[in-house]
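Everything on this sheet refers to the single structure shown next.
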Amino acid sequence: MKLSEDFLSRIKDSNDIYDVISNYVPLKKTGTDYVCNCPFHSEKTPSCHIYMSTQSFYCFGCGAAGDVINFIRLYEHLGYVEAVRFLAQRAGIPMPDDGGEDGARIRARILEMNREAGKFYHKLLFSPQGKEGLDYLLGRGLTIHTIRLYGLGYAPNDWSLLRNHLNSLGFSDDEIVEASLGVKSQKNNNTYDFFRYRVMFPFFDTRGNIVGFSGRVIGGDDTRKYLNTKATPVYNKSTYLYSMNHAKNSGKSSLIMCEGNLDVISMFQAGFTNAAATCGTAITDSHARAIANQNFKEVVLAYDSDDAGKKATARAINILDKVGINTKILQIKGAKDPDEFIKKYGSDAFSLQIDKAVPAMEFELEKIKAESDITNPQGKADFLKRCVAFISTVHSPIDRAVYIADVSTYCDIGRATIEASVEQAIRRQNRSRENDMQQEILSGANRKDKVNPEAAKYPAEVEAERGIIAYLFHSPDFLKKITEKITPDDFPTEFNRRLFIELCILIEGGESTDLSVLGESHEPNEISAITKIIKDGNTLPYSIDRLNDYITNLLKFREKKSQKEIKDMSASELLAYANKMKEKK
């Protein structure tokens, strides 16, 4: 049974990895994550880490790793479908009887429709019919280059223009409605365009697919300022982040989170390419995991300065903290949002504002102060406990010292007392972490690679293979750049070659490369190996130079292999090879 990506995503979202694993083994909190004695090998000290940001686990002792599905496969000794069924029953979700292949076909059709709709809207924007839309965007300060880069478009005040266009390409009315590009009238059952009289913002995912749209009204009777694509098999507002396809390639370790599409585009045009936004919803746990999965270490919250923006900021801090992302708060003065600020004061002034962003810890401590009554002993004790818990998660010793001094002055309690409590909390968090690192050094280096036994013969090439594979997981839109230079035949080891081919097929087909999807075609120990490739890849920055080095190493291997093949040829084979080279010239 082929299970759809959306169904697998629902299974994982409904089975938090902490909740599942804690039913089998006791978990101990360490920072924002958890550790436990690995259930897959004997040990006295915990070496298995549960990472909340990626909803994955990894054992530094035996190498067992993966997502919640792979954990159940390993622990319960189940096949892939049986493990998914186990988790579906746990969450009360019915298994699809069939239709997996049909689901993939529907997904592909919707992506194709979105692509055609995006081209249609974009072309209309630069036609006489789209003048009003183009004037609006230019009036908002966007350049033609930026408009084209983001693929912006225009939906005219017409009830059936897009529908007729898609019909002419072979898409039915039912398909158009399923893609949220059309809507059926309850009166006459006719299908009408979903977006009308709006400037269109296509939603690109990190693979370059258009998964949906947002339309900003510029006229007509519709009072809704923004209208977004409804939930479809390829779009979920609770997981999608606008402009993440650009932000992930910014080379920055921090992400600027905004509230609106135009804020993001305005910042990108001003040189802040590491900006993203949620679409029609507050930030969710899934958004936070998506940010962490793209290797961002810090988020600067650049929300509007009104009451709604302040509430959104407080919510985002708590959600991002759960996945271990440092958060800063951009306090915009003299403007209601980043777009307005940049227009008023320029990009240099905005850059200074980002530099002055307040750490979330400072924001939280002020919040704790406002919520606490330290005029009585019990209130003061509760306040101090909350402060110690927060301060112990701050990585910088200097920042910790500043916050400790602040709390000490505010409560009139000696710094030494607060400092000792914070250090004690930090020692508890770090002890198991240090043990795990030592164990990895002692046992991991000498562990034989059972999944990829050829790895020992090609150490340099395997590093390049793994680096390229990790790069594809992080940036699938780089597939074409990679395959223009190398082929699967350039991978010397069978396992990595097979994985590379599978990733190419999935990415070219617009499908997900999530571990849950790969689980169907891989054994649990192979999923563990793939998880390690991804994990190791995330320890270095994803740069073009790094990718080119990996490609160069495999090209050198190709050349060595070719020279060896020539050396081993007989006289007749050499003659045939020489004639073949002449023909190519």
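Qualifying trypsin sites (Lys or Arg not before Pro) in segment 164-234, where qualification requires a DSSP coil assignment and no more than 11 other C-beta atoms within 10 Å, comprise LYS187, ARG224, LYS225.
Judged by the mean number of other Cβ atoms found within 10 Å, the most tightly packed of the peptides 124-133, 532-541, 467-476 leads the ranking 467-476, 124-133, 532-541. Direction-averaged projected area, Cα convex hull, segment 453-579: 9.2 nm², rounded to one decimal. Note that the chain shows a convex hull volume over its alpha carbon atoms of 216 Å³ per residue. Placing unit charges on each Cβ (+1 for Lys and Arg, -1 for Asp and Glu) gives segment 11-147 a dipole about its Cα centre, and among ILE21, ALA117, ILE147 the Cα reaching farthest toward its positive end belongs to ILE147.
Putting +1 on Lys and Arg Cβ atoms and -1 on Asp and Glu Cβ atoms, find which of GLY215, ALA108, VAL183 reaches farthest to the positive end of the dipole of segment 107-228. So the residue furthest toward the plus end is GLY215. Beyond 28 Å between alpha-carbons counts as too far, so tell me which of LYS12/LYS532; LYS310/LYS343; LYS457/LYS485; LYS248/LYS343 fall in that bin. None, as every Cα separation is 28 Å or less.
Projecting the Cα positions of PRO453, GLY61, TYR235 onto the charge dipole of the chain (unit charges on Cβ atoms of Lys, Arg, Asp and Glu, taken about the Cα centre) puts PRO453 furthest along the positive direction. Local charge for PHE296 was computed over the other residues whose Cβ lies under 13 Å away, with Lys and Arg +1 and Asp and Glu -1, and equals +4. The rule of thumb for compact globular proteins, 2.2 N^0.38 Å, goes into the C-alpha radius of gyration of segment 274-421 1.16 times.
A protection proxy built from the mean count of other Cβ atoms within 10 Å ranks the segments 289-302, 153-166, most packed first, as 289-302, 153-166. Checking the Cα-Cα distances for LYS2/LYS252; LYS28/LYS356; LYS225/LYS311; LYS123/LYS480 against a 31 Å cut-off, the pairs over it are LYS2/LYS252; LYS28/LYS356. What the pair-distance distribution of segment 42-90 shows, using all Cα-Cα distances binned every 10 Å from zero, is 26, 47, 25, 2 percent. Summing Lys, Arg as +1 and Asp, Glu as -1, what charge do residues with Cβ under 13 Å from the Cβ of ALA401 carry, ALA401 excluded? After counting each charged neighbour, the total is -2. Please give me the summed charge of the neighbours of ASN236: other residues whose Cβ is under 14 Å from its Cβ, Lys and Arg +1, Asp and Glu -1. Counting the neighbours of ASN236, the net charge comes to 0. Within the chain, which whole H helices from DSSP have a Cα span along their axis of at least 15 Å and a mean Kyte-Doolittle hydropathy of 0.5 or more, if any? Membrane-span-like by this criterion, though nothing is claimed about a membrane: 494-508. Cys residues of the chain that find no other Cys beta carbon under 4.7 Å: CYS36, CYS62, CYS258, CYS279, CYS387, CYS411, CYS504. Cα gyration tensor of segment 107-228, axes a ≥ b ≥ c as square roots of the eigenvalues: rounded (a/c below 1.5), prolate (a/b > b/c) or oblate? It comes out oblate by the Cα gyration axes. Derived value for segment 5-91: Kirkwood hydrodynamic radius 13.1 Å. Basis is the mean of 1/r over every pair of different alpha-carbon atoms.
Under the convention that each Lys and Arg Cβ holds +1 and each Asp and Glu Cβ holds -1, the size of the dipole of the chain around its Cα centre is about 800 debye. Of the chymotrypsin sites (Phe, Trp or Tyr not before Pro) found in segment 183-280, no site is in coil according to DSSP while having at most 14 other Cβ atoms within 10 Å of its Cβ. Annotation: the antiparallel percentage among DSSP beta bridges lying fully within the chain is about 75.
Values quoted throughout were computed directly from the atomic coordinates according to the rules given, and no laboratory measurement underlies them. What you are looking at is a predicted structure, and each value in this text was computed from that prediction instead of being measured. Don't worry about glycine lacking a Cβ; one is built from the backbone with ideal geometry, like all the others, and counts go over all protein chains shown.
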